[in-house]
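Written out below as structure tokens is the structure these notes cover.
The values are calculated or read from the model by the stated rules, or taken from the named source; none is laboratory data. The structure displayed is predicted, hence computed values, not measured ones. Counting neighbours? That spans all protein chains shown, and the Cβs are built from the backbone with ideal geometry, glycine included.
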Amino acid sequence: MLDDKDIKILNALLSNSRSSTTTISKELDLSNVATQQRISKLEKSGVLRSYTATVDYQMIGYKTIAYLGIFLDKAKDYPSVIEKLNQVPQIAEAHFTTGNYSIFAKIYARSNMHLMEILSEKIQNIDGVSRTETFISLQEGIHKPIFL
């Protein structure tokens, strides 16, 4: 169970994962030790999974962002397919979903041609994948953490 101080710590880290314990402690009127203990508790419980940087992939040459609906031959193929998809470096996310697709994935590619290579050479050759449907993002309108 999270209390108000835990939620404030999470929100502070969501705003800036590089926030120091001292800065967060001052905002919460807690000691550094108490704040660090709470952060450690959040990490050990799995609530706080990692600290990340946000990269503008277009600025480093990944001009195409695509979403991929993946149809599986059988739902039981999911574990082996997701293991293979995880080996494709350009796949940033993959979700087991309800609806039309078994898996919905987000891919970063250098270009549309690069995307086509990823699809035809890496993804569509995976055993258990019956077909794919691709949606190219024209612009990312919202990218933000969800504050508690």
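Quick notes on this structure:
- Looking across Ala66, Ala75, one residue alone is of a type in the set (A, V, I, L, M), exposed (fewer than 15 other Cβ atoms within 10 Å of the Cβ) and closer than 29 Å to Leu119 by Cβ. It is Ala75.
- Members of region 47-62 found to be surrounded by fewer than 17 Cβ atoms within 10 Å (Cβ to Cβ) and within 14 Å of Ile7 (Cα to Cα), listed by number: Val47
- Qualifying position, being outside the structural domain of Glu133 (by TED's automatic domain parsing) and at pLDDT 95 or above, among Leu85, Leu30, Leu68, Leu72: Leu30
- Members of region 1-20 that are part of a helix (DSSP H, G or I) and more than 24 Å from Val55 (Cα to Cα): Asp4, Lys5, Asp6, Ile7, Lys8
- Qualifying residue in region 105-120 (condition: β-branched (Val, Ile, Thr), crowded, with 18+ Cβ neighbours inside 10 Å and under 30 Å from Ala12 (Cα atoms)): yes
- Enumeration of residues in region 20-37 that are out of contact with any helix residue (DSSP H, G or I) (no Cβ under 6 Å at 6 or more places or on another chain) and in contact (Cβ under 8 Å) with a residue 24 or more places away in the chain: Leu30
- Set Ser40, Ser19: member being surrounded by fewer than 18 Cβ atoms within 10 Å (Cβ to Cβ), small (Gly, Ala, Ser) and either within 22 Å of His143 (Cβ to Cβ) or touching a Gly at 6+ places or on another chain (Cβ under 9 Å) (or both): Ser19
- Residue satisfying all of: in region 121-133; out of contact with any Gly (no Cβ under 8 Å at 6 or more places or on another chain) and surrounded by 13 or more Cβ atoms within 10 Å (Cβ to Cβ); nearest to Gly99 (Cα to Cα) among these: Val129
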